[in-house]
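One structure is given below, encoded as structure tokens.
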Amino acid sequence: SALTLAKGVTLLIGMTCTIFAYEMFLAPNRDNILGYTARTFNLALGPLGTMYIAGLFLPRVGQKAILIGTAMSLMTSTYTAWSVEINWMLGLSEQPTYELALELDKGPSIFLITPFAVVGGVFSAFVASFIFPNRKKEETREYLWKAICNRKTEHAG
């Protein structure tokens, strides 16, 4: 039922927030609360930008393709934001300890999280649109960028 789903989603979000808070407690030397906030907030901007750009500029992209693009965008933004930590956990870092990895390994800037995620997500949605081309061009043509720019605006008065 809907109540069971809501309880499950609430539990999942609570556990995720607790894991993030515990990670922040374990690694206080790398960043402060503002740095973590920027890294975490930018995780959502990439997928939102992907949906906006793909919906406005790519007429072939339907629901399945945009879900694939959004998922790829979320994975890209997560890896870009937390690449040092992920690389160390997967054993891809040359540093023997987590503290050394945080100190010596450098990841991309927080300002690159959103652009990397949007470009990766839009490209993934574009490629997926050839596999799942279910958007009807006739119904959506008036909402695309070219149609919006060519509309005649009515001026009052």
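Given the criterion in contact with a Pro (Cβ under 6 Å, 6 or more places away or on another chain) and more than 30 Å from Lys146 (Cα to Cα), identify the matching residue among Thr4, Thr97, Thr80, Thr40. Thr80 is the lone residue from the list that is in contact with a Pro (Cβ under 6 Å, 6 or more places away or on another chain) and more than 30 Å from Lys146 (Cα to Cα).
Taken together, Ala81, Ala54, Ala71, Ala44 contain a single residue that is touching a Leu at 6+ places or on another chain (Cβ under 7 Å), within 26 Å of Leu112 (Cβ to Cβ) and modelled with pLDDT of 80 or more, which is Ala81.
Determine whether Glu103 is more than 17 Å from Leu48 (Cα to Cα) and at pLDDT 85 or above. Taking the combined requirement at face value, the residue does not satisfy it.
If you go through region 89-100 and keep only what is modelled with pLDDT of 85 or more and either among the aromatic types (Phe, Trp, Tyr) or at positive phi (or both), you end up with just Gly91.
In region 77-101, which residues are small (Gly, Ala, Ser) and over 17 Å from Phe25 (Cα atoms)?
Once the filter is applied, which keeps residues that are small (Gly, Ala, Ser) and over 17 Å from Phe25 (Cα atoms), region 77-101 yields Ser77, Ala81, Ser83, Gly91, Ser93.
Quick check on region 141-149. Is at least one of its residues modelled with pLDDT of 75 or more and either in a helix (DSSP H, G or I) or closer than 25 Å to Gly55 by Cα (or both)? Looking through region 141-149, at least one residue is modelled with pLDDT of 75 or more and either in a helix (DSSP H, G or I) or closer than 25 Å to Gly55 by Cα (or both). Within region 106-128, if we keep just the residues that are modelled with pLDDT of 90 or more and of a type in the set (S, T, N, Q), the residue that is surrounded by the fewest Cβ atoms within 10 Å (Cβ to Cβ) turns out to be Ser124. Just one of (1) touching a Lys or Arg at 6+ places or on another chain (Cβ under 6 Å); (2) surrounded by fewer than 18 Cβ atoms within 10 Å (Cβ to Cβ) fails for Leu102. It is (2).
The values are calculated or read from the model by the stated rules, or taken from the named source; none is laboratory data. Just so you know, these numbers come straight off a predicted model, no measurement behind them. Virtual Cβ from ideal backbone geometry, glycine too; neighbours counted across all protein chains shown.
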